[in-house]
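Remarks on the structure that follows.
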Amino acid sequence: MEKSKFKLFPFLLLALFGVLLLLPLAGVAAEEDPVADGLKKKAQEAFLSGHYAEAAANNLEIAAKHPDSEARRYAVQMLGTLYENNLVDVGKAIKWHREFLERYANPQQVPFYKEKLATLQKLLHQEQAFATYQAIRFANKGDEVMVAKFEALMAKHPDFLLKAEVQRELGYAYARLDKRKESYQAFQNLSSSAGAQFSADDRIAGQEASRHWQLTRSWGGIAWGVVAILWVAVLFMNPWRNMTRASIRTFLILAALWLLLSAARIPSFHAIDTTGDAFLFPDAAVYIAAAINLPVLYWLLLLTRGEFWRKRPGALCWVSPVLTLLMTTSVCYLFLIHQPNGAKILDAFGAKYRHWAEEWQTPAGSPSSPAGEKTVHQPEHREAGDKQGR
């Protein structure tokens, strides 16, 4: 009996090697399907060119006529995507997503497709609103058109199941349009309605929009108030009673000199290397910044001609620099906050000024400064030199 077992062993071993050799060939034969591969290529080209109906037709042909081909996995997955995003048909999207989940999904994809199917099941009774939502998302008509259509969608369908997703889209779109108040409100609505869907990125974007809004609403309102009060105060001093041709001529000369100086600085402005700069001012902003100094200059002229100062020339010498600094700071602040990314620009300026203040407050000979380190080590080098000389 033992001898017969030993005789059968070589045959079993040969059979095992034969199976191992034939399996890869069988797998290759099952995967290779030139017709299905050609349809898959056509479907991909149609999808990339925006011909979604043609792409769906090619994928349907693969799914129906080539059930054992490798291309069918791609076709089933793409059919679910097409009927969900582009040719919006919730019933067909559910059908193909379910087939992909049951037949082709790997373990990492299973939770994603289960959640997708659960959401689509709920959207069956809101298919029209969902179709509008997908059409807006994939229209690529720009942020202004997108936010207008999303606002109209929410007005028409206030109970839309994907309301949180619409609010998220609005929050980021308004931020890109530099409408920070609307962006902040959209993220606030998202945080109150989305619950766990409010991600860390959403929270950061909402905080940035809130900060920008506060800078423009609170501090911006204070700056506008300061400018208005200073102008009203000057006008109440009846400065025109002391205006002469000489003073007007002086103002015109100073204005012309300022404009000439600004124009002379334009070539050097264009020569600045802006590589790596996070925030860049457009040319128009630079011209506006030069021009807004002219009203400040005219305000200063009226201030010095006020009736109030005729008997108080000493007070004028002390107060006018402070008021001029206050006016200039308020005007510059208003200019900056109305620039794109105004809040970030102010943060960058603040960080730079703090750095300069720390450098200015640090004594030159302290160990924390580079110069201080050099000063500390100088006696050691001198002592070592004296030893070598000896």
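One table, with the values for the structure above:
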| read-out | value |
| --- | --- |
| In the stretch 122-132, the residues that are touching a helix residue (DSSP H, G or I) at 6+ places or on another chain (Cβ under 8 Å) and under 11 Å from residue 161 (Cα atoms) | 123, 124, 127, 129, 130 |
| Residue match in the stretch 116-123 (condition: more than 30 Å from residue 67 (Cβ to Cβ), of a type outside the set (Gly, Ala, Ser) and outside the structural domain of residue 176 (by TED's automatic domain parsing)) | yes |
| Pairs where the first residue, in the stretch 251-262, is assigned by TED's automatic domain parsing to the domain that holds residue 300 and the second is outside any helix (DSSP H, G or I) and modelled with pLDDT of 85 or more, C-beta under 6 Å, 6+ apart | none |
| Tally, over the stretch 156-171, of residues that are surrounded by fewer than 18 Cβ atoms within 10 Å (Cβ to Cβ) and farther than 20 Å from residue 184 by Cβ | 4 |
| Failed item, numbered, when residue 373 is tested on (1) of a type in the set (Asp, Glu); (2) modelled with pLDDT of 70 or more; (3) surrounded by 12 or more Cβ atoms within 10 Å (Cβ to Cβ) | (2) |
| Some residue of the stretch 193-202 being of a type in the set (S, T, N, Q), surrounded by 15 or more Cβ atoms within 10 Å (Cβ to Cβ) and touching a helix residue (DSSP H, G or I) at 6+ places or on another chain (Cβ under 8 Å) | no |
| Which listed residue is within 22 Å of residue 162 (Cβ to Cβ) and either acidic (Asp, Glu) or modelled with pLDDT of 75 or more (or both), from 185, 197 | 185 |
| Extreme residue, nearest to residue 116 (Cα to Cα), among residues of the stretch 77-94 that are β-branched (Val, Ile, Thr) and in a helix (DSSP H, G or I) | 94 |
| Residue in the stretch 208-228 that is over 37 Å from the mean Cα position of the chain (by Cα), aromatic (Phe, Trp, Tyr) and surrounded by fewer than 18 Cβ atoms within 10 Å (Cβ to Cβ) present | no |
| Extreme residue, nearest to residue 36 (Cα to Cα), among residues of the stretch 52-76 that are assigned to a helix (DSSP H, G or I) and among the hydroxyl-bearing types (Ser, Thr, Tyr) | 74 |
| Subset of the stretch 61-106 [surrounded by 22 or more Cβ atoms within 10 Å (Cβ to Cβ) and acidic (Asp, Glu)] | 84 |
| In the stretch 210-221, the residues that are free of Cβ contacts under 8 Å to residues at least 24 places away in the same chain and within 17 Å of residue 328 (Cα to Cα) | 221 |
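The values are calculated or read from the model by the stated rules, or taken from the named source; none is laboratory data. Since the model is a prediction, treat every value here as computed from it, not as a measurement. Heads up, the Cβs are rebuilt from the backbone with ideal geometry, glycines too, and the neighbour counts pull from every protein chain shown.
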